[in-house]
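What follows is a short report on a single structure.
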Amino acid sequence: MKIAILGGTGNIGKGFALRWGQKHEIIVGSRDKDRAEAAAAEYTAFLKERSLPSKISGDENKAATEAADVVVIAIRYDQVSEVLTHIKPALGRNQVVLSVVVPMIKDRCYLNMATDSIKIEVDPEEYNADYFCYAVPQAGSAAKEIQAMLPKSVDLVASFHNVSAKRLEDFDQPFNLDIAVCGNNKQTKDVIMELVRDIPGLNPIDVGPLEAAALTEPITPLLLNVAKMNKALRHAGVKFV
């Protein structure tokens, strides 16, 4: 397949490009075409050094979208409206859109320190500043907001909220994780589930319709907090047992 990764120059976008670029044709998307091409060259060199096949190019977001079978929205939440407005004319009926977007905030969350059971060795203000919270969108999830911005002929799937971006880039440590997949169309959900399986050690789990993204998106800040506060779990993930 041809997969456009919008936000392909970011951490999780890089991980997707490196993992899927060994099997599929990847188009790294960015608002800046030169930046996208430079990232694509970097990713290609990374795989070549490991004697792994790759077919990775870079382009501006709209052109990348137009050429793709699957469009991955891997951008910050505050960029979603601008980017989707820009690419919407390039979206077609047979495309699948994958959202990995998570609205998060920092410095606005409060951890209750008024208890003897919590012992920390840092200033409480600093401790709070490193804590992530899920910023609940009005629609209930980023996925539902994105769905409303897409043409009605385009199906949206939400997934990959419970895997570390840095772990996707790490080819030395094997995965053994489950990946939650949400969507309203079984056929398009199956497409994304196959992409999950294309990454060794990842197992797709169907967790229901797109509304379930309101449950899976908050897992991202939860895992970030686990990693921040427990050094032995720097790349925490999820396994359903």
Listed residue pairs exceeding 31 Å between alpha carbons, taken from Lys23/Lys189; Lys106/Lys239; Lys166/Lys189; Lys106/Lys231; Lys88/Lys231: Lys88/Lys231
In nm, spacing of pseudo-spin labels at Asn11 and Ala45 (7 Å Cα→C-beta vector): 2.2
Counted charge near Lys48, where neighbours are those whose Cβ lies closer than 15 Å (Asp, Glu -1; Lys, Arg +1): 0
Stretch gain in nm, segment Arg167-Met149, where the contour uses 0.36 nm per residue and the Cα spacing is subtracted: 3.4 nm
Distance in nm between pseudo-label sites at Leu52 and Leu222 (7 Å out along the Cβ direction from Cα): 2.9
Check: the stretch 1-112 dipole with +1 on Lys, Arg Cβ and -1 on Asp, Glu Cβ, in debye: 280
Charge tally in the Cβ shell below 14 Å around Ala139, where Lys, Arg are +1 and Asp, Glu are -1, Ala139 excluded: -2
Dipole magnitude of the chain, debye to nearest 20 (Cβ charges: Lys/Arg +1, Asp/Glu -1, about Cα centre): 500
Net +/- balance of residues flanking Asp198 in space, Cβ distance below 11 Å, scoring K and R +1, D and E -1: +2
Of the trypsin sites (Lys or Arg not before Pro) in the stretch 136-191, those whose Cβ has at most 12 other Cβ within 10 Å and which sit in DSSP loop: Lys152
The chain - share of DSSP beta bridges that are antiparallel (%, nearest 5): 20
Accessible-area composition of the chain, carbon plus sulfur, in percent [1.4 Å probe]: 50
FRET efficiency estimate (nearest 0.05) - Cβ-Cβ, Lys239 to Gln79, R0 22 angstrom: 0.10
Whole-number D in µm² s⁻¹ for the stretch 120-241, Kirkwood Cα-pair radius fed into Stokes-Einstein, 4 °C, 1.567 mPa s: 82
Phi to ³J(HN,Hα) by Karplus 6.51 cos²θ - 1.76 cosθ + 1.60 over the stretch 159-173, Hz, x for Gly, Pro: 6, 6, 7, 10, 9, 6, 4, 5, 5, 4, 7, 8, 8, 8, 10
Distance histogram for the chain (every C-alpha pair counted, 10 angstrom bins, percent rounded to whole numbers): 8, 31, 35, 19, 6, 1
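The values are calculated or read from the model by the stated rules, or taken from the named source; none is laboratory data. Keep in mind that what you see is a predicted model, and the values were worked out from it rather than measured. We place every Cβ from the backbone using ideal geometry, glycine too, and count neighbours over all the protein chains shown. Quick note on the areas: whole protein, heavy atoms, side chains included, nothing else; ligands and nucleic acids left out. Shrake-Rupley method; radii C 1.70, N 1.55, O 1.52, S 1.80 Å.
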